[in-house]
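> Okay, here's the structure, questions in a sec.
The values are calculated or read from the model by the stated rules, or taken from the named source; none is laboratory data. Everything numeric in this text was worked out from a predicted model, so none of it was measured. For neighbour counting, all protein chains shown are included, and Cβ atoms are generated from backbone atoms with ideal geometry for every residue, glycine included.
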């Protein structure tokens, strides 16, 4: 091998540095800045500037670590998705840029426009083999019917189908881009697994010629999995109402239908996979509404309310006793799970709202007792047991990565003195606990107000 002199090495290094510095002259453009996604229901809306534009969770996540697209100047991309067939067309120069989001549903423009006539009844055709869900949970006048009356003579209906069926799986594959774009952390479910069901909420209408039409408003995917020893529980994996139809009660209708199936078919309970904050709020409102009319729990609620009226919990000496008298008895938790399919964790969240709805907000001592009771429960949830009874405490410790994510649990013997450093940690913990309780009370009031409006 020939040896290189220093001058040759310097020249080589200079060339290398130039190549490395020149590679990133293109600053790129963030996907969120150059891509717009539209939902359209007719050919006339394709290309129109006033078409319905959705607000995706984050398009950058589909384009590398920095979320940028390189190699294009003044890049502008418009994607049009039909809410009749859920086929899609991208008005772009290089279509392969979008394979990770839209896959095979991305068509050429002419082919896409043809779907508005060739697949105009796509949803109706697929839903014809589905099972309409009878929902008896709503308080509306047509509780016992499968469909709810909408505006202009239209009807809303929830239909259950198995994702394993070929036409249903194909439709869901077209909906996957919306899951990726609109559901934070969303990912496709396995359509080959026969335990996955999908609940579609649709709107039925008749045009002037009497032709029956059907529009898809939203959907939820639900998994049926084994619960020891001999039962099955339902887990909601995804729930999405299409943006043009949000805020009209369709998400509530989907959840009510899932609960209705759980009750009528005697599933163990209903759980949710990583629900968003809004879905947790909606679920709490629906569950609280159901619980308000559930007679077996009313004596326990009245007992808890009476306890808050008659005592001063800020001066109590036995905290475990106050917890047992404020919270629901075990037999009530069991009957709620058996009859309403609401699990214990969810019922405990709703319990605070149920009690709050039965309190007099003008009774300051009663409201203060309620806040103390919520504080005890929040503290118990954090420590799992009564920290003052067994000496268990959470102590934050520093680390080199994320100072907010590391802590240790420490036990001490009853009566053992703590050091000044632990006293400082205790003060910080008390402040954090106060913030958690204030947020919990805020959420309780928000849910209670919504439930009150829904019952009017």
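> Let me confirm something: among 173, 260, which residue is surrounded by fewer than 19 Cβ atoms within 10 Å (Cβ to Cβ), in contact with a helix residue (DSSP H, G or I) (Cβ under 8 Å, 6 or more places away or on another chain), not in a strand (DSSP E or B) and not assigned by TED's automatic domain parsing to the domain that holds residue 333?
Values: 260 fails: in contact with a helix residue (DSSP H, G or I) (Cβ under 8 Å, 6 or more places away or on another chain).
Step by step, each of 173, 260 is checked, and only 173 is surrounded by fewer than 19 Cβ atoms within 10 Å (Cβ to Cβ), in contact with a helix residue (DSSP H, G or I) (Cβ under 8 Å, 6 or more places away or on another chain), not in a strand (DSSP E or B) and not assigned by TED's automatic domain parsing to the domain that holds residue 333.
> Quick check on residue 181: is it modelled with pLDDT under 95, farther than 20 Å from residue 253 by Cα, assigned to a helix (DSSP H, G or I) and in the same structural domain as residue 251 (by TED's automatic domain parsing)? Explain how you work it out, then say what you get.
Numbers: modelled with pLDDT under 95: yes; farther than 20 Å from residue 253 by Cα: yes; assigned to a helix (DSSP H, G or I): yes; in the same structural domain as residue 251 (by TED's automatic domain parsing): yes.
Yes, satisfied.
> How many residues are surrounded by 14 or more Cβ atoms within 10 Å (Cβ to Cβ) and either more than 16 Å from residue 361 (Cβ to Cβ) or modelled with pLDDT under 90 (or both) if we restrict to segment 439-449?
Looking only at that region, the number is 2.
> Pairs under 8 Å by beta carbon, first residue more than 24 Å from residue 174 (Cβ to Cβ) in segment 71-87, partner outside any loop (DSSP other than H, G, I, E, B), six or more apart or different chains?
Short answer, once both residue conditions are applied: 72/29; 75/29; 75/34; 75/69; 76/34.
> Output the residue which, of all residues in segment 105-120 that are in contact (Cβ under 8 Å) with a residue 60 or more places away in the chain and under 19 Å from residue 173 (Cβ atoms), is nearest to the chain's Cα centre (by Cα).
105
> With respect to residue 168, is the statement that it is within 16 Å of residue 257 (Cα to Cα), at pLDDT 90 or above and surrounded by 17 or more Cβ atoms within 10 Å (Cβ to Cβ) true? Explain how you work it out, then say what you get.
Working: within 16 Å of residue 257 (Cα to Cα): no; at pLDDT 90 or above: yes; surrounded by 17 or more Cβ atoms within 10 Å (Cβ to Cβ): yes.
Judged against the criteria, residue 168 is not a match.
> Show the residue pairs that are 6+ apart or on different chains and have beta-carbon atoms under 8 Å apart, the first residue being within segment 363-391 and closer than 13 Å to residue 437 by Cα and not assigned by TED's automatic domain parsing to the domain that holds residue 432, the second being modelled with pLDDT of 75 or more and surrounded by fewer than 18 Cβ atoms within 10 Å (Cβ to Cβ).
Here the result reads none, with nothing in segment 363-391 linked to a residue that is modelled with pLDDT of 75 or more and surrounded by fewer than 18 Cβ atoms within 10 Å (Cβ to Cβ).
> Sticking with this one: Is at least one residue of segment 425-436 in a strand (DSSP E or B), touching a strand residue (DSSP E or B) at 6+ places or on another chain (Cβ under 8 Å), farther than 29 Å from residue 358 by Cβ and modelled with pLDDT of 55 or more?
First pass over segment 425-436, keeping only residues in a strand (DSSP E or B): none.
No: zero hits.
> Looking for whichever is in contact with a helix residue (DSSP H, G or I) (Cβ under 9 Å, 6 or more places away or on another chain), part of a loop (DSSP other than H, G, I, E, B) and at pLDDT 90 or above here; the options are 202, 158, 191. Which one fits?
On the way: 202 fails: part of a loop (DSSP other than H, G, I, E, B); 158 fails: part of a loop (DSSP other than H, G, I, E, B).
191 is the lone residue from the list that is in contact with a helix residue (DSSP H, G or I) (Cβ under 9 Å, 6 or more places away or on another chain), part of a loop (DSSP other than H, G, I, E, B) and at pLDDT 90 or above.
> Output the qualifying pairs, or none if there are none: Cβ atoms under 9 angstrom, residues six or more apart or on different chains, first residue in segment 414-435 and within 13 Å of residue 379 (Cβ to Cβ), second residue at pLDDT 75 or above and part of a helix (DSSP H, G or I).
Within 9 Å, the pairs are 433/375; 433/378; 433/379; 434/375.
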